[in-house]
Amino acid sequence: MIVVTEATGDVGREVVRFLDGTGILVRMGVLHPEQAKGMAGPDREVIRFDFNDPESIKHALSGARHLCLLLPTSENAVEMATLAIDIAKLNGVSHIVYQSMLGADAESGSRLLHWHHEVESYLREAGVHYTILRANMLMESLADMAHDSIVREGLLNLPLGDAQVSFLAARDLGAVCAEVMASTGHQEQIYTLTGSNAIPAEEFAVAIGRAIRSVVSYMDLTEEVARQQMTAMGLPQWQVDTRLEYYAFLRNGGGRSVTNDVERLTSQAPLDVWNWANLHKDEFRMAA
């Protein structure tokens, strides 16, 4: 049995989808099971998984062999992850697949990446088999951050400058997660997952515009303006700060590396931004 946390998120849904047909029972861990109505099936069940509730974690992991550890957005992410790792080990989980981030390092200058570094270190010392997936920035995350401005104004406005980033699709991350749990030979491995090439945010904007047959332009924001916009959106201060730190990491070249790990593990090339935008075009139709 495989437990997938955050199973209704962009990545979690893809993990579950790629595990369909494998004959492996998948337990979808979600904070609010009622939000996953309709997702259960012959080889899929929905269960409550609250990272702040040890009893719910223990119940969800009962009988599981693999844990696909996807974390929610939280300033307590390290505490959430280490608690889940401890309970998984105590309950006989033999393999944990952890979604980390490219650049996870104590010296990255980004608290978000430092948090992932802490979890990685804890997991490697936990005494349970692990696979660590260091994923580059997801296309879905970039699009979500600027979704409203794309729809309302035809603008992708973010403080990324001319940074080159090998953006990754959630589909490809989900495919790798599923593969390393459904096959063998991935224990104690760290994979770095990227798109097939590094591109500027401007190309991302053009790809979305072409997909929806409209003009979408990239507007580079200063950190001050980006901070004001995120604050106006109601984001908590810690989230504003960590996003800005991560954008600075990308502007400094932290997201430009390219690997072939996605294709090597799944036998499929990762989605490029043009094909990704076409698949997601209905999400960006311009407001009338």
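Nothing in this text is a laboratory measurement; each read-out follows from the coordinates by a stated rule. Small disclaimer: the values here were computed from a predicted structure and weren't measured. All Cβ positions, even for glycine, are placed from backbone atoms using ideal geometry, and neighbour counts span all protein chains on display.
Got a sec? How would HIS32, HIS59, HIS95 order by Cβ neighbour count within 10 Å, fewest to most?
Sorted ascending by nearby Cβ count, the order is HIS32, HIS59, HIS95.
With Cβ to Cβ distances under 15 Å as the rule, what net charge do the other residues near TRP238 carry (K, R +1; D, E -1)?
The answer is -1.
Considering the chain as a Gaussian network with a 10 Å cut-off on Cα pairs, which listed residue, LYS58, LYS37, LYS89, attains the greatest mean-square fluctuation?
For the chain, modelled as a Gaussian network with Cα springs under 10 Å, the answer is LYS37.
Quick one: which residues, 5 or more positions from ILE199 or on another chain, have an amide H under 5 Å from its amide H? H modelled 1.01 Å from N in the peptide plane, none for Pro or chain starts.
Close amide H contacts, sequence-distant or interchain: VAL165, SER166, PHE167.
What is the ratio of the Cα radius of gyration of region 1-80 to 2.2 N^0.38 Å, with N the residue count, to two decimals?
So region 1-80 has a normalised radius of gyration of 1.01.
For region 27-117, run through the GluC sites (Glu not before Pro) and keep only the ones in DSSP coil with at most 13 other Cβ atoms within 10 Å of their Cβ.
GLU107
Work out Dmax and Rg for the chain from the C-alpha atoms and quote the Rg first, both in angstrom.
Rg then Dmax for the chain, in Å: 18.7, 56.
For SER141, what is the net charge nearby, where nearby means another residue's Cβ is under 11 Å from its Cβ and Lys, Arg count +1, Asp, Glu -1?
-2
Considering only the other residues whose Cβ falls under 12 Å of the Cβ of ALA84, what net charge follows from Lys and Arg at +1 and Asp and Glu at -1?
-3
Give the Cα extents of region 41-135 along the principal axes, in whole Å, largest first.
43, 24, 24
Note down the magnitude of the dipole of the chain about its Cα centre, charges +1 on Lys and Arg C-beta and -1 on Asp and Glu C-beta and zero elsewhere, to the nearest 20 debye.
Here the size comes out at about 620 debye.
Can you give the relative contact order of the chain as a percent, counting alpha carbon pairs under 8 Å and 6+ residues apart?
18
Just from its helices, what would the mean residue ellipticity at 222 nm be for the chain, if runs of 4 or more DSSP H residues each count -39500 (n - 2.57) and the sum is divided by every residue, rounded to the nearest 500 deg cm²/dmol?
Value at 222 nm, helices only: -12500 deg cm²/dmol.
Go through SER108, TYR122, ILE132 and say which Cα lies farthest out towards the positive end of the charge dipole of region 20-152; charges sit on Cβ, +1 for Lys and Arg, -1 for Asp and Glu.
The Cα lying farthest towards the positive end belongs to ILE132.
For a quick check of your reading of the filter: which trypsin sites (Lys or Arg not before Pro) in region 181-237 sit in a DSSP loop and have no more than 15 other Cβ atoms within 10 Å?
The qualifying sites are ARG213.
For LYS281 paired with ARG124, estimate the spin-label separation in nm (one decimal), with each label point 7 Å from Cα along the Cα-to-Cβ line.
In this crude label model, LYS281 to ARG124 measures out at 4.5 nm.
With labels modelled as points extended 7 Å from the Cα through the Cβ direction, what inter-label distance (nm, one decimal) is found for ARG152 paired with SER183?
Between ARG152 and SER183, the label points sit 4.5 nm apart.
Rounded to whole Å and sorted largest first, list the principal axis extents of the Cα atoms in region 100-161.
Largest to smallest, the principal-axis extents are 51, 23, 12 Å.
Could you please tell me the mean projected area of the C-alpha convex hull for region 97-248, averaged over all directions and given in square nanometres to one decimal?
Mean projected area for region 97-248: 10.0 nm², to one decimal.
With r as the distance between the Cβ atoms of GLU75 and VAL215 and R0 = 41 Å, compute the FRET efficiency 1/(1 + (r/R0)^6) and round to 0.05.
It comes out at approximately 0.65.
Rounded to the nearest 5, what % of DSSP beta bridges with both residues in the chain are antiparallel? Working shown, then result.
Values: 2 of 34 bridges.
Close to 5 percent.
Between ILE24 and GLU202, what FRET efficiency follows from the Cβ-Cβ distance if R0 is 25 Å, with the result rounded to 0.05?
Step by step, r from the Cβ atoms, then E = 0.05.
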